[in-house]
Amino acid sequence: MSMVVNETGTASFQCKAEGNPEPKVTWLKQNSSLLADKRVAPSRGGLLITSVTSQDDGMYTCVASNILGVMTSSAKLSVQVGALITHKPSSVIVEEGHNVSLVCQATGQPTPTVTWRKLYGHLSKGRSRVVDGKLDITNVTKTDGGDYVCSAINILNQDSAFTQVIVLEQLKFTLPAPPLKTVIAPSSDVLLTCLAQGAR
């Protein structure tokens, strides 16, 4: 027997035991004694868990016993938890031609699917791929600059996080116009011009 409950919901197990003398009913979780509190309470032989959390996930066993013997019955509680991004991607400044990785990690039950998209544009075909929530872009170009959104989705909800990629123009040297050959006398001063362009 199994039960699936959403986080913050209520789980109710029933355990009916008959005998003479009347059996005593106790509960175990993962084969250990279950400690009752304001959320977890035996109820007429059954068990009631309110405001369920992921820590309540596990196997529960009803133990009915009297002087003549012991009987047990078990049920598994699976707690579904909404998708939550636990590691948000950081903004990145990268130079053209380099590679960049954007990391987005999420938790949830069922395990959420993590997707990436670019706002006001598209992911670069052939140079972008998503593996385990990480977006890798190779050989970055100016068109890769912009805002990106990471989304984690499961059957309960969706969580999103935004980040920005700033692409700097690759530093390039520009040579002065010909002639490139300069003849000078010994011990004379010479001025050579070297120009560079690119983002600062």
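If the cut-off is a Cα-Cα distance under 25 Å, which lysines reach K142, setting aside same-chain residues fewer than 8 apart in sequence?
Here the lysines satisfying the reach criterion relative to K142 are K88, K118, K125, K134, K172.
With the cut-off at 1.5 for a/c, could you classify the chain from its C-alpha gyration tensor as rounded, prolate or oblate?
Details: a/c = 6.00, a/b = 4.56, b/c = 1.32.
Verdict is prolate for the chain.
Near the amide H of Q80, under 5 Å away, which other amide H atoms are found, from residues 5 or more places off or on another chain, if H is placed in the peptide plane?
Counting only residues 5 or more places away or on other chains, the set is V5, N6, E7.
Sorting D144, D132 on the 10 Å Cβ count, fewest up front, what's the list?
By the 10 Å Cβ count, ascending, the order reads D132, D144.
Label-point separation (nm) for I155 and Y120, each offset 7 Å from Cα along Cα-to-Cβ?
Once both label points are built, they end up 3.9 nm from each other.
Run the numbers on the chain and let me know its relative contact order in percent, using alpha-carbon pairs under 8 Å that are six or more apart. Kindly include the intermediate steps, with their values, before the conclusion.
Details: 422 pairs, mean separation 34.6, N = 200.
Worked out over the chain, it gives 17 percent.
Could you name the lysines whose alpha carbon sits less than 18 Å from that of K38, not counting residues in the same chain fewer than 8 places away?
Those lysines meeting the cut-off are K29.
Treat each spin label as a single point 7 Å out from the Cα along the C-beta direction, and report the I166 to S12 distance in nm.
About 5.8 nm separates the two model spin labels.
Bear in mind that the values in this text are calculations on the coordinates, not laboratory data. Since the structure is predicted, the reported quantities are computational estimates derived from the model, not experimental observations. Quick reminder, even Gly has a Cβ in these numbers, built from the backbone with ideal geometry, and neighbours come from all protein chains shown.
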